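Have a look at the structure below before the remarks.
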Amino acid sequence: MALSSYSTINHHHLPAAAHSRLAPRATYRNAATVEEPAIKLHNRSSSAINIPATLSNLLHLNTNHNTNSGTTTASVNNNPTLTLENFDRRTPTYSPKEDISSLCTEIHGSADWSHLLSPLHPWLRREILKYGEFSQSTYDAFDSNPFSQYGGSCLYGHHRLFEKLGLLRHGYDVTKYLYAMSHVDLPRWLERSLHAEAWSRDSNWMGYVAVSGDEESRRIGCRDIVVAWRGTVRPAEWLEDIQGKLESIESNYDSDIKVEHGFHSLYTSKGETTRYNKLSASEQVMSEIKRLVRFYQEKGEKVSITITGHSLGGALALLNAYEAASALPSVPVSVISFGAPRVGNEAFGNRLKELGVKALRMVIKQDVVPKMPGILFNEGIKMVEKVTGTLEWVYTHVGVELGLNVHTSPYLKNCIDFAGFHNLEIYLHLVDGYMSSKSGFRCEAKRDVALINKASGMLREEIGIPPCWHQTANSGLMCNSYGRWVMPNRMPEDIPSPYREGYTRMPEDIPSPYREGYMQV
């Protein structure tokens, strides 16, 4: 059964009779007192079979709220009252930065975050959100318009990326863009431009490498090299394209260390006839990481590598971490992922531990993607392996999990929305409100809740934010001086160029003002 058929089931797509799916929210002042919300909605009563709910029960998604005497609750133990009265649009969305250098190694996972997760340390929360925003930037800057000449590329040149996305406050500089292709047919993992003069027929922009500036490095206690990998634009549909086939990650094909075939292909594929993938994504990222590590270590600086990604990007992050830790054993490597699938077998996970890779996985209980691949055969069959021995074809998660639950937030709808459960902005919202597994949503959360509806409709309608509001005006078209609607030309520095990205170019690939229609700068 394809999950994509349920990916947009929510309040906006139901007939009027079904609007009562949204049960009333209640909030706790203490464990014994329950109050009604400021705005009441009607209860639902139906004997019809709820197929999405049935599927979610099979996958153990827990999409129903906890109930007490028939009353739906929006929080868990000891959550203070948090209603729409707490929603103040006049407050800042982030607090001043603090010097966290004293916890530098712990925040990067030296002790597997053992003393920082319950309750969640505010310094660690801020860093998780920082890396999450780096991951989100790969979506916000991605040109997913198939009618654009540059569909599948980044909208901005790497010198302008953080400026255009409002991320300069983090104190990092982008040093290189990363491109990927695949020799496996993965139609939903890569976006293709339909334009007759498309910038590339093979490659997609898949992320970037960035490094912390001097001030940020002093604040966090090290020179932080960040790799942000892009996930997928249609998160539910790509599950149909998982190959489900484990293959060796080493050149020695007899190796018992195995990873998912499609992920590995995307990370390692290259082609001599392509403009942007004469080098694979693996070769591109490792050459830049090694260059930066060498540069800063020669200056006597402490260096760390943090790799982040959401969904497919989280899978690529683990493959990248495996390679980085193998090539640079003296440099600490950590992974901060959101809604990432399983990537490899137990031998792969064990090897990552031996290499010292630290992984912190944010997982929403209702999100199906972290349950893939290996929905049936995964780390949960340890009892079977006591009889059969270690099974090389069983998928296993890696690292420490920070479990999140959509029902802890009073701002989110009570609905079945598989795409919404997987949305990265939902993850960041829940991290911002997380205190511990036994606490509800914290009142001090500052992240703008309007971001929840940037590409989803999960925010409660009473708040007054329209769903999927982050859209390009007129699908990118502009009216020119002749009154014709056309796709505008990009600024020269925003046009993808293998030359600027450090690739060797063929003579016919060198920009020409006659071929490209702009003056070279």
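The values are calculated or read from the model by the stated rules, or taken from the named source; none is laboratory data. This structure is a prediction, so every number in the text was calculated from the model and none was measured. Glycine gets a Cβ as well: all are built from the backbone with ideal geometry, and neighbour counts include every protein chain shown. Just the protein is used for accessible areas: all its heavy atoms, side chains included, with ligands, DNA and RNA removed. Shrake-Rupley method; radii C 1.70, N 1.55, O 1.52, S 1.80 Å.
Does residue 109 satisfy the criteria of being assigned to a loop (DSSP other than H, G, I, E, B), buried (at least 22 other Cβ atoms within 10 Å of the Cβ), touching a strand residue (DSSP E or B) at 6+ places or on another chain (Cβ under 8 Å) and at pLDDT 95 or above? When the stated conditions are applied, residue 109 passes them.
Taking the conditions exactly as written (on the phi > 0 side of the Ramachandran plot and among the small types (Gly, Ala, Ser)), does residue 166 satisfy them or not? Yes. Inspect all residues belonging to segment 103-122 and state whether any of them is among the aromatic types (Phe, Trp, Tyr) and closer than 25 Å to residue 454 by Cβ. No, because not a single residue in segment 103-122 is among the aromatic types (Phe, Trp, Tyr) and closer than 25 Å to residue 454 by Cβ.
Consider segment 420-435 and keep the residues that are of a type in the set (A, V, I, L, M) and open to solvent by less than 30 Å² (accessible area, probe 1.4 Å). The one that is nearest to the chain's Cα centre (by Cα) is 424. For the structure I just gave you, tell me whether residue 445 is touching a residue at least 40 places away in the same chain (Cβ under 8 Å), open to solvent by 10 Å² or more (accessible area, probe 1.4 Å) and not in a helix (DSSP H, G or I). The answer is no for residue 445. All of (1) under 23 Å from residue 104 (Cβ atoms); (2) aliphatic (A, V, I, L, M); (3) in a helix (DSSP H, G or I) hold for residue 285 with one exception: (1).
Residue-wise test of (1) modelled with pLDDT under 95; (2) over 18 Å from the mean Cα position of the chain (by Cα).
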{"residue": "115", "(1), (2)": "yes, yes"}
{"residue": "133", "(1), (2)": "no, no"}
{"residue": "144", "(1), (2)": "yes, no"}
{"residue": "162", "(1), (2)": "no, no"}
{"residue": "168", "(1), (2)": "no, yes"}
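I'd like the residue in segment 254-272 that is of a type outside the set (A, V, I, L, M) and either more than 24 Å from residue 177 (Cβ to Cβ) or without any contact (Cβ under 8 Å) to a residue 12 or more places away in the chain (or both) and, out of all such residues, is surrounded by the most Cβ atoms within 10 Å (Cβ to Cβ). Spell out the reasoning first.
Looking only at segment 254-272, we keep the residues that are of a type outside the set (A, V, I, L, M), and these are 254-256, 258, 260-265, 267-272.
Filter again for either more than 24 Å from residue 177 (Cβ to Cβ) or without any contact (Cβ under 8 Å) to a residue 12 or more places away in the chain (or both), leaving 254-256, 258, 260-261, 272.
Values: 254: 6, 255: 15, 256: 15, 258: 23, 260: 27, 261: 16, 272: 6.
Residue satisfying both the conditions and the ranking: 260.
Of the numbered criteria (1) in a loop (DSSP other than H, G, I, E, B); (2) at pLDDT below 90; (3) at negative phi, the one residue 244 fails is (3).
Each row is one residue, and each column tells you yes or no for (1) open to solvent by 10 Å² or more (accessible area, probe 1.4 Å); (2) without any contact (Cβ under 8 Å) to a residue 24 or more places away in the chain; (3) touching a Ser or Thr at 6+ places or on another chain (Cβ under 9 Å).
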residue: 325; (1), (2), (3): no, no, no
residue: 345; (1), (2), (3): no, no, yes
residue: 361; (1), (2), (3): yes, no, yes
residue: 364; (1), (2), (3): no, no, no
residue: 367; (1), (2), (3): no, no, no
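Among the listed residues 413, 438, which satisfies the condition of being among the basic types (Lys, Arg), surrounded by 19 or more Cβ atoms within 10 Å (Cβ to Cβ) and at pLDDT below 95?
413
Candidates are the residues of segment 298-328 that are part of a strand (DSSP E or B) and not polar (S, T, N, Q); the one that is farthest from the chain's Cα centre (by Cα) is 303. Within segment 451-475, the set of residues being open to solvent by less than 50 Å² (accessible area, probe 1.4 Å), over 24 Å from residue 145 (Cβ atoms) and not in a loop (DSSP other than H, G, I, E, B) comprises 459, 463.
Residue-by-condition table, conditions (1) of a type in the set (Asp, Glu); (2) under 20 Å from residue 398 (Cα atoms); (3) open to solvent by 10 Å² or more (accessible area, probe 1.4 Å):
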| site | (1), (2), (3) |
| --- | --- |
| 292 | no, no, no |
| 297 | no, no, yes |
| 308 | no, yes, no |
| 312 | no, yes, no |
| 316 | no, yes, no |
| 334 | no, yes, no |
| 342 | no, yes, yes |
| 358 | no, yes, yes |
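Please go through segment 476-503 and pick out each residue that is in a loop (DSSP other than H, G, I, E, B), open to solvent by less than 70 Å² (accessible area, probe 1.4 Å) and within 30 Å of residue 285 (Cβ to Cβ). Matches in segment 476-503: 490, 495, 496, 497, 498, 501, 502, 503. Take the residues in segment 390-401 that are crowded, with 21+ Cβ neighbours inside 10 Å and of a type in the set (A, V, I, L, M, F, W, C); name whichever of them is nearest to residue 359 (Cα to Cα). My answer is 398.
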